[in-house]
Amino acid sequence: MTLAEDASIALETICGALPGGGERRPGQDSMTRLVADAITYQKHAVVRAGTGTGKSLAYLIPAILADQTVIVATATKALQDQLANKDLPFLQENLGHSFSFAVLKGRANYVCRQKLNELERANQQQTLGSLAEGLPDHADPKHLKAIAEWADETDTGDRAELSFEPRAATWGAVSVGSNECPGRIRCPAGEECFAEKARDDAALADIVITNLYLYAIDIAIENSFLPEHQVAILDEAHKTEEVFSTSLGFEIHAGRFRSLHRAASGVLTACPELDQIEELAGLIEDALAPSNGNRVVPAELPPLARALELADTRLGALDAALRKIQDKTEKNSLKGIETASKITRTRQALGSLLESVQAARSLGDNKVAWVDRLNGRMVLEVALITVDHILKESLWPERTVILTSATVPANLAQRLGLETDDFEYADVGSPFNFENQSLLYCAAHLPDPRHPDYRQALHDEIEHLIVAAGGRTLALFTSRKALNEATEYLRPRLPWHIYHQDDLPKPALMAAFAEDEQSCLFGTKGLWHGIDVPGRTCSLVIIDKIPFPSPRDPLLSARRERVGGNSFRQIDLPLAATELAQGVGRLIRSGTDLGVAAVLDSRLAKNKSYRHDLIDALPPMERSTDPETARNYLQRITEN
């Protein structure tokens, strides 16, 4: 039998073993066969698999049966956890085909044995100076102790296993990024390194779960971290271009200079080279502040150009000072070995920062830079405008790739550099009966969102819909301002609890919303994706406006310039369609769900130039522009 036939039969067996039993779904079987054929004939595939298809089992089964090394990369941690903690263990138990799997994350996700050893010895010697080396001001001593105790018990060293969430400063004191880790051979604790153990496990595994960020980095540096593999499955593929563009860029901010100064202070006594690095942090912050929110060309912005030039010179001087110390360090004692390790880490971090500074001074044609305020600090962000050239060289010719998502932009393959003859495309649909389970309502009577009367009309419409649904609403807004205004206006007018996305951490927020059936949840971008609340709790999904990307978005503006006159249809419209579909996709999450997706933007009904592009990206729902029809539908499905 062919791989497609074997996988189809295995899928039927697996579906029967699921809790409650069941049969393979038509779309799920179609996807399984498509993935199997792609692997067999070494041809790429792009698969749109709607909500409820069961796409993870559909691609995992043929991937496992193919007996090849497979990387599965996802955009979200939630899907990684589902694959690693649910789907793959289930298949190991029920597929009847032996295989192994591993999860591989970036180095910063694993606690560093060497840093823990250095902290422990500094504590034993009660040398405050040594203890402070590399520790940000806000590192929590109690959490550091708890992490050290946990490190003696854990098998993985993975931060996700901690029973508490350490602040960033604390975790930074006991972890290293790839830009400062010297690697197994040059690290005194290399043989007991958790990150290296994870890499070793991945090298022996048949299936490796990772994220799109790490996969992008691995492609760019020629498979230096992930194991060699014959098949790559990129799930949540609609995020591929965005993740790859930012992953292959870099950031420059004052925090990188302060972190370098702390690290260098642990191996250098007071010297001009050290003092000058600390001063750079303030210079960079001051140079960036006037350009907050703007796209920039660093070389053409005098304050920033001068700060980067100074950084280039001073980083080189500090590296020379560190190299002198490194050459003189005694390697035959424990103290000397640890000092050498600290210098190596510091020089690696310095080299990475210097590389970023030099790249920022001469961006090149395919990079765009802008200034943003992130976590209270000014950041120079640099990203790639396009990534298709990288994928054409380092991905498509090297292995079979499956791109899949519940929402696939119409021009995804083109944007990623795939030629028409190089891949098969399929929309395998969804097992849900959207026409009978749901209504797509567009409030065509509302003013255009750009009209001054829109906001009040929007709030009144939301109120009428929520009353008809008896609460039970997920309301998604395209801006934080719109979210805050709607929450403030509606809370005193409605008897049901309205959760604002900032009220609780996301897991607790989702649990509270799911447990209180008549509650409402209002949020922005973070709630448009990955929210899975089946049942009557989410009977109404409200979307305030068509989620067109901001015209000021620096990366997208650079892409628009690259495309030219057709940029709206090539850049903005596919992104808006995908985001709209993601939001609407929060509504029907099981075969028994019923609900209304209400888009309160009259352009969806009235704009003939693009309305069909948006609607075609949505499930085949019953449609209406009549508010009474929408309210009656909601009352009917929630009255019992």
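Screening Glu355, Glu338 for residues that are surrounded by fewer than 19 Cβ atoms within 10 Å (Cβ to Cβ), assigned to a helix (DSSP H, G or I) and out of contact with any His (no Cβ under 7 Å at 6 or more places or on another chain) leaves exactly one candidate, Glu355. Among the residues making up region 50-73, those that are at pLDDT 95 or above and not in a helix (DSSP H, G or I) are Ala66, Asp67, Gln68, Thr69, Val70, Ile71, Val72, Ala73.
Residues in region 387-427 that are out of contact with any helix residue (DSSP H, G or I) (no Cβ under 7 Å at 6 or more places or on another chain), free of Cβ contacts under 8 Å to residues at least 60 places away in the same chain and closer than 29 Å to Val368 by Cα: 8 in all. Screening Ser265 with (1) among the hydroxyl-bearing types (Ser, Thr, Tyr); (2) touching a residue at least 40 places away in the same chain (Cβ under 8 Å); (3) not assigned by TED's automatic domain parsing to the domain that holds Arg347 gives one miss only, at (3).
Contact list please: Cβ distance under 7 Å, first residue in region 205-225 and in a strand (DSSP E or B), second residue polar (S, T, N, Q), pairs at least six apart or on different chains. Within 7 Å, the pairs are Ile209/Gln80; Asn211/Thr74; Asn211/Gln80. Filtering region 164-179 to residues that are in a helix (DSSP H, G or I) and of a type in the set (S, T, N, Q) leaves only Thr170. Before we move on, is Asp372 part of a loop (DSSP other than H, G, I, E, B) and among the charged types (D, E, K, R)? For Asp372, the condition - part of a loop (DSSP other than H, G, I, E, B) and among the charged types (D, E, K, R) - is not met.
On the basis of being of a type in the set (A, V, I, L, M) and within 30 Å of Arg295 (Cα to Cα), does Ala340 make the cut? Explain how you work it out, then say what you get.
Values: of a type in the set (A, V, I, L, M): yes; within 30 Å of Arg295 (Cα to Cα): no.
So Ala340 does not fit the description; no.
I'm trying to understand the selection: among the residues of region 98-124, which are under 20 Å from the mean Cα position of the chain (by Cα) and of a type in the set (S, T, N, Q)?
Result: Asn109, single match.
Here Tyr215 passes the criteria (1) hydroxyl-bearing (Ser, Thr, Tyr); (2) more than 30 Å from Thr578 (Cβ to Cβ); (3) buried (at least 22 other Cβ atoms within 10 Å of the Cβ) except the one numbered (2). Which one is surrounded by the most Cβ atoms within 10 Å (Cβ to Cβ), of the residues in region 421-474 that are of a type in the set (D, E, K, R) and under 20 Å from Asp593 (Cβ atoms)? Per the criteria, the residue is Arg472. The residue of region 450-481 that is farthest from Lys525 (Cα to Cα), among those that are β-branched (Val, Ile, Thr) and touching a strand residue (DSSP E or B) at 6+ places or on another chain (Cβ under 9 Å), is Ile466.
The values are calculated or read from the model by the stated rules, or taken from the named source; none is laboratory data. Values in this document were obtained by computation on a predicted structure and should not be read as measured data. Cβ sites come from the backbone with ideal geometry, for glycine too, and all protein chains shown count toward neighbours.
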